[in-house]
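The structure appears right after this line, and notes come after that.
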Amino acid sequence: MTDLDPFTDLLDCPMYVVTAEAAGERSGCLVGFGSQCSIRPARFVVWLSRANHTYGVAEHAERLTVHLLHRDQDRLARLFGGETGDRTDKFTDVPWHPGPGGSVILDEAPAWFVGRVESRIDGGDHVGFLLAPEAAENLGGNPGPPLSLNDARGITPGHPVN
């Protein structure tokens, strides 16, 4: 099998915080695999690790919320990337509000969208969630670069990286 590291080591992709709610349980994680994948109709796909607590909630969720963070929002990035919902309620000290269909929206995120899960795609150790946007918000204009993979490299994942 060919290793992608020689290629992917050159990338500095945006990072997202993805939140999910199902059956009264909330979860969220820092995600590095995600992208718009269609213009008309608008679609976005995020990939969640099967090992992640958020995946277990998301597999039963009707909607996911995808949040962009600014590069200087290290506290939120470390919370959602370095802690696991198996041991920590990440929403205890984080202001949030319910969005469409009971989705979880982080108040401190400068931009977010809520997407209805249209399908789930087996991608090996990750599952892709194809999202149809239902609501989107940009609260901060364009004040600077979003959190990127290089910004998040120092965060030790709450679960082992697959």
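The values are calculated or read from the model by the stated rules, or taken from the named source; none is laboratory data. What you see is a predicted model; the values in this text were computed from it and never measured. Methodologically, a virtual Cβ is constructed for each residue, glycine included, from the backbone with ideal geometry; neighbour enumeration extends over all protein chains shown. Protein only, heavy atoms only, side chains kept; ligands, DNA and RNA dropped before computing areas. Shrake-Rupley method; radii C 1.70, N 1.55, O 1.52, S 1.80 Å.
What the table shows:
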item	result
Leading residue by the ranking (surrounded by the most Cβ atoms within 10 Å (Cβ to Cβ)) among those in the stretch 145-154 that are assigned to a loop (DSSP other than H, G, I, E, B) and either touching a strand residue (DSSP E or B) at 6+ places or on another chain (Cβ under 8 Å) or at pLDDT 85 or above (or both)	Leu147
Filter result for Leu4 (among the aliphatic types (A, V, I, L, M) and either exposed (fewer than 12 other Cβ atoms within 10 Å of the Cβ) or modelled with pLDDT of 95 or more (or both))	yes
Residue within the stretch 85-99 that is under 20 Å from Pro14 (Cα atoms) and out of contact with any Ser or Thr (no Cβ under 6 Å at 6 or more places or on another chain) present	no
Of all residues in the stretch 9-23 being in a strand (DSSP E or B) and within 20 Å of Gly124 (Cβ to Cβ), the one that is most open to solvent (accessible area, probe 1.4 Å)	Tyr16
Some residue of the stretch 40-47 being of a type in the set (D, E, K, R), over 18 Å from Gly124 (Cα atoms) and in a loop (DSSP other than H, G, I, E, B)	yes
Residue under evaluation Arg26, criteria (1) open to solvent by 80 Å² or more (accessible area, probe 1.4 Å); (2) within 19 Å of Leu130 (Cα to Cα); (3) of a type outside the set (S, T, N, Q); (4) assigned to a strand (DSSP E or B), criterion not met	(2)
